[in-house]
Amino acid sequence: MVCTWLLQNNIFMTICEVTHVVVHAADDDVAVFATLHSIPRTLQAAWWGAQASLAYKQVMAQYPDTTSPEHKDFIAQTHQQLATKLLHVCQNNGGVYIKAAQTFSTIQAVPKEYRK
């Protein structure tokens, strides 16, 4: 049943194998449910991280001169796109993700696009 749900929600088969290990290893049904329930949220955050990493690598590959106006414009656009995606991830995941986003939005070292 868990594997069916995971496959229907486009989550990789390897996660299905991991859940079987968790289900067989855990004695407490609540711990199993909590672990299985956290997998989609964790994958969403990890997916955003992978997308962000690739996007920033693309910026550096296209505009290696960080002082050029083109680089600054492109990096601002990338910040805005990724900040919007991260906002959706945090809103979808709720709880601690929203609190973490609120905390990071107060740090001045974070780009302004993420602090809006």
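The values are calculated or read from the model by the stated rules, or taken from the named source; none is laboratory data. Note that the structure is a prediction, hence the values are computed from the model and not measured. Backbone-built Cβ (ideal geometry, glycine too); neighbour counts: all protein chains shown.
Return yes or no: is Ser53 part of a helix (DSSP H, G or I), of a type in the set (S, T, N, Q), modelled with pLDDT under 95 and over 20 Å from Lys116 (Cα atoms)?
Details: part of a helix (DSSP H, G or I): yes; of a type in the set (S, T, N, Q): yes; modelled with pLDDT under 95: no; over 20 Å from Lys116 (Cα atoms): yes.
Spelling it out, it is not the case that Ser53 is part of a helix (DSSP H, G or I), of a type in the set (S, T, N, Q), modelled with pLDDT under 95 and over 20 Å from Lys116 (Cα atoms).
Please go through segment 49-80 and pick out each residue that is surrounded by 14 or more Cβ atoms within 10 Å (Cβ to Cβ) and within 16 Å of the chain's Cα centre (by Cα).
Selection gives Gln51, Ala52, Ala55, Tyr56, Thr78, His79, Gln80.
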